[in-house]
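Quick notes on the structure that follows.
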Amino acid sequence: MLTEDMDHVYGMVEEIIFRKEDTGYTIIDVASEDGELITVVGMLPDIAAGEEVHFVGNYEQHPTFGRQFKAEVVERTMPQTAASMLKYLASGTVKGVGPSTAAKIIEAFGEDTFDVIENKPEELSKIKGITREKAKAISEEFRKTNSTREMMIRLESLGLTANESINVFKVFGNNAVSRVTENPYVLCAADIGIGFERADALARGLADTINPAYRVKAGILHVVKYNLFSNGHTCLPREKLLTPCADLLDIDKDTVDITMDTLVSERQLTSLTIDDVEFVSLPYIYEAEYKAAQRIKMMVKFPPAGRETLDKEIEKLEKKNGIEYEKLQREAIITAASKGVLILTGGPGTGKTTTVNGILELFEHDGLNVVLCAPTGRAAQRMSEITGKEASTIHRLLEAERTGDDRMSFCKNENDPIDADVVIVDELSMVDVVLFSALLSALPLGCRLIMVGDTDQLPPVGAGSVLHDLLESGLLPVVELSEVFRQAMQSLIVSNAHRIVHGEEPELSRVDNDFFHMERQSGSIVAGTIIDLYKDRLPKAYGYDSVKDIQVLCPTKKGDCGTANLNRLLQEAINPPAKGKNEYKNMVRIFREGDKVMQVKNNYNIQWIKKNGKGKAIKGEGIFNGDTGIILEIDRRAGTMKINFDGREALYPAETVKELELAYAMTVHKSQGSEFEAVIMPVVDVPPNLCYRNLFYTAVTRARKKMITIGTKNTILAMVENDRKIKRYSALKYLLKVE
């Protein structure tokens with residue numbers, strides 16, 4: 001964001017010090033008007049030596065390279081003098097022209113050089129060493145380079161930043177300027193990263209009048225997407241969208257209604273009727289729900305091959321593992337084997353892990369290829385720990401990659417299914433409908449499917465409510481484990497979790513167990529106590545590593561006890577600035593080497609390397625929403641960060657850093673699928689819309705050994721008493737029932 005107090009640099013580009021070709025991150029030396037040589041960094045993909053420039057930005061102090069100017073906006077003009085033209089051509093900007101050839105051309109044509117190259121290339125052939133063919137090639141390359149450069153300048157003149165201009169050019173190519181000036185709302189394409197409000201502001205700045213239909217269509221799609229993605233719906237009642245669309249666009253509801261019909265006819269929206277109410281959805285989300293429903297119905301009609309499970313086999317499992325399955329655990333194992341499809345649910349301490357291991361052993365004993373997966377890296381890692389078998393994320397299993405519109409595509413699908421006889425999916429409660437549909441599509445015919453989840457957890461961050469929809473459909477075999485084992489009930493984490501889910505007051509007075517409460521009245525005092533526990537008291541008392549073992553889980557991002565403030569305070573306490581410790585600073589936050597960070601957006605292009613147990617390097621792509629890691633190294637000159645995500649080392653270019661947040665504290669929603677040795681949760685000044693039971697329950701069940709609440713008992717009781725379930729509109733349950 002540009003502000004009035006930003007600095008300005010005027011001058012000429014002396015030299016390109018460094019450029020990362022795939023991102024456009026560039027470091028240059030600029031000879032300023034007052035004779036000073038200034039190092040400038042920023043997204044400057046096609047800037048060349050010799051150009052006259054005007055930068056707007058701020059000075060920063062780099063720990064290694066000293067004072068630098070970080071450019072946010074740039075205005076450029078082509079070299080005007082013979083000297084600057086020589087510098088431009090000698091820099092290698094025009095392919096086929098090196099320093100020696102550049103000097104000859106400038107000597108021959110002086111300040112007319114660029115006009116000659118562009119419009120009279122035959123004149124170049126008069127210079128010794130330049131043939132007619134080479135002259136033609138130089139001219140074509142100059143025009144091509146100049147055309148791209150002029151396009152970038154035009155895009156920036158429309159109000160786009162350098163980084164935005166790069167993204168627009170990548171999407172629209174040589175038609176970028178004409179596409180944007182005709183309809184600036186095309187900028188709302190997901191992989192450009194410009195929202196409706198910004199596109200609307202850019203449209204107002206254009207000289208030409210824009211067809212108002214473009215704005216209305218873009219505004220309606222913006223409202224639909226905002227409501228779907230913010231609240232997890234897969235579809236919305238059409239009638240409920242008319243007022244917010246009309247208010248946003250300052251038009252009447254009839255115009256909204258008519259335009260919605262147009263969007264449906266153009267297949268930018270999908271219309272469906274559920275119980276005599278018309279709903280609208282985004283086509284790809286509707287397609288995901290429809291395909292998931294069709295595959296589930298096919299599995300019910302043509303179930304995977306099952307087999308009878310003899311009591312003797314289960315007794316062998318019990319004897320081998322020194323356990324005795326209770327009735328429902330036994331029923332789950334038998335159902336998995338005989339039906340080939342199962343939904344296994346249950347809260348903490350009910351024996352889901354033991355049951356899954358029994359099912360796994362039985363299938364492996366039959367010689368079946370069993371594949372384990374979970375929605376997040378943390379959940380997959382935990383699944384590996386409890387089964388002793390390799391587990392992967394669903395994304396990795398399906399070989400996810402990003403499509404041109406910033407959505408997922410998967411290499412594994414119905415045409416190239418995964419290699420598995422059995423797939424066991426953990427943490428189904430946090431799997432959104434798009435990912436679930438993709439998983440079903442990639443199952444080979446006859447593949448058995450075991451789905452494990454906790455219905456009392458929060459719904460997925462993405463769209464849909466898959467686990468609840470499947471359970472309510474009544475189509476698939478379900479076993480819900482309900483008996484809490486005596487050994488598990490000795491844990492206050494487990495017993496309190498069950499009290500919470502049943503709406504009962506948790507035990508908060510004990511300090512001799514794994515769950516204890518610290519009564520504090522104000523947010524600032526709670527924040528201070530959290531810092532003390534995180535930095536000193538818990539590590540000293542239990543030997544915890546603050547960054548690796550302790551996690552602060554917050555109901556909200558805002559306020560004294562929100563993630564934004566606590567991350568700032570925890571970073572200052574745990575990882576303060578130090579000599580030799582590199583930093584990366586943007587307009588929002590500071591990252592330092594050693595910081596704990598979280599990816600907050602699926603990115604299918606980030607490459608990573610992981611060493612297996614034998615020291616062999618495994619390469620892969622994709623870091624996903626909710627993955628947490630530690631910053632190992634920051635290279636300011638290269639504009640990159642090296643981050644370790646649970647053994648996967650990924651290199652982040654500068655423009656991708658905006659997808660990261662500090663993760664000393666995270667929201668409860670972001671913690672789904674993870675477990676931590678110790679969890680600290682502030683329970684004070686919780687916003688009413690976040691003060692509800694299954695949010696608190698989810699936080700408590702993330703703790704493995706210690707759960708500490710800090711705040712007021714009244715807040716906890718209010719959360720436990722509020723059994724409000726966030727309503728999610730979904731078509732999956734309806735589609736499962738339709739013949």
* Quick one: how many residues across the range 607-662 are without any contact (Cβ under 8 Å) to a residue 12 or more places away in the chain and either open to solvent by less than 20 Å² (accessible area, probe 1.4 Å) or assigned to a strand (DSSP E or B) (or both)? -> 3
* Can you find even one residue in the range 557-580 that is within 19 Å of the chain's Cα centre (by Cα) and among the β-branched types (Val, Ile, Thr)? -> yes
* **Condition broken by Gln521, with the remaining ones in (1) part of a helix (DSSP H, G or I); (2) open to solvent by 40 Å² or more (accessible area, probe 1.4 Å) satisfied** => (1)
* To do: Go through (1) more than 30 Å from Gly580 (Cβ to Cβ); (2) under 45 Å from the mean Cα position of the chain (by Cα); (3) open to solvent by less than 40 Å² (accessible area, probe 1.4 Å) one by one and return the number of the condition Gly92 breaks.
  => (3)
* To do: Pairs only if they're at least six apart or on different chains, beta carbon under 6 angstrom, first in the range 566-591 and of a type in the set (Asp, Glu), second crowded, with 16+ Cβ neighbours inside 10 Å and not in a helix (DSSP H, G or I); list them, first residue then second.
  => Glu583/Arg592
* Only one of Leu202, Leu221, Leu228 that is more than 24 Å from Pro460 (Cβ to Cβ), within 30 Å of the chain's Cα centre (by Cα) and either part of a helix (DSSP H, G or I) or aliphatic (A, V, I, L, M) (or both) -> Leu202
* Could you list, in sequence order, the residues of the range 547-565 that are out of contact with any Lys or Arg (no Cβ under 8 Å at 6 or more places or on another chain) and either β-branched (Val, Ile, Thr) or open to solvent by 50 Å² or more (accessible area, probe 1.4 Å) (or both)? -> Lys548, Ile550, Val552, Thr556, Lys557, Lys558, Gly559, Asp560
* **In the range 49-71, the residues that are free of Cβ contacts under 8 Å to residues at least 60 places away in the same chain, open to solvent by less than 20 Å² (accessible area, probe 1.4 Å) and within 29 Å of Lys95 (Cα to Cα)** => Ala49, Gly50, Glu51, Val53, Phe55
* Do we find that Ile27 is farther than 22 Å from Glu593 by Cα, buried (at least 17 other Cβ atoms within 10 Å of the Cβ), at pLDDT 85 or above and among the hydrophobic types (A, V, I, L, M, F, W, C) in this structure? -> no
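Quick grid of which residues meet (1) open to solvent by 70 Å² or more (accessible area, probe 1.4 Å); (2) of a type in the set (Ser, Thr, Tyr); (3) under 27 Å from Leu732 (Cα atoms):
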residue: Thr309; (1), (2), (3): no, yes, no
residue: Lys312; (1), (2), (3): yes, no, no
residue: Ile323; (1), (2), (3): no, no, no
residue: Ile334; (1), (2), (3): no, no, no
* Residue that is modelled with the lowest pLDDT, among those in the range 469-492 that are open to solvent by 60 Å² or more (accessible area, probe 1.4 Å) and in a helix (DSSP H, G or I) -> Arg486
* Asked: Quick one: how many residues across the range 73-97 are among the hydroxyl-bearing types (Ser, Thr, Tyr), at pLDDT 85 or above and in contact with a Ser or Thr (Cβ under 9 Å, 6 or more places away or on another chain)?
  -> 0
* Asked: Would you call Val511 open to solvent by 30 Å² or more (accessible area, probe 1.4 Å), at pLDDT below 95, out of contact with any Lys or Arg (no Cβ under 9 Å at 6 or more places or on another chain) and outside any strand (DSSP E or B)?
  -> yes
* Asked: Tell me, which residue of the range 359-378 that is surrounded by 23 or more Cβ atoms within 10 Å (Cβ to Cβ) and among the small types (Gly, Ala, Ser) is farthest from Ile450 (Cα to Cα)?
  -> Gly377
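Per-residue answers, yes or no, for (1) assigned to a helix (DSSP H, G or I); (2) at pLDDT 95 or above:
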position: Ser409; (1), (2): no, no
position: Ile418; (1), (2): no, yes
position: Ile424; (1), (2): no, yes
position: Ser429; (1), (2): yes, no
position: Ser437; (1), (2): yes, yes
position: Gly446; (1), (2): no, no
position: Leu449; (1), (2): no, yes
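The values are calculated or read from the model by the stated rules, or taken from the named source; none is laboratory data. Please read all numbers here as calculations on a predicted model, not as lab measurements. Backbone-built Cβ (ideal geometry, glycine too); neighbour counts: all protein chains shown. The accessibility values were calculated without ligands, DNA or RNA, using every heavy atom of the protein model including side chains. Shrake-Rupley method; radii C 1.70, N 1.55, O 1.52, S 1.80 Å.
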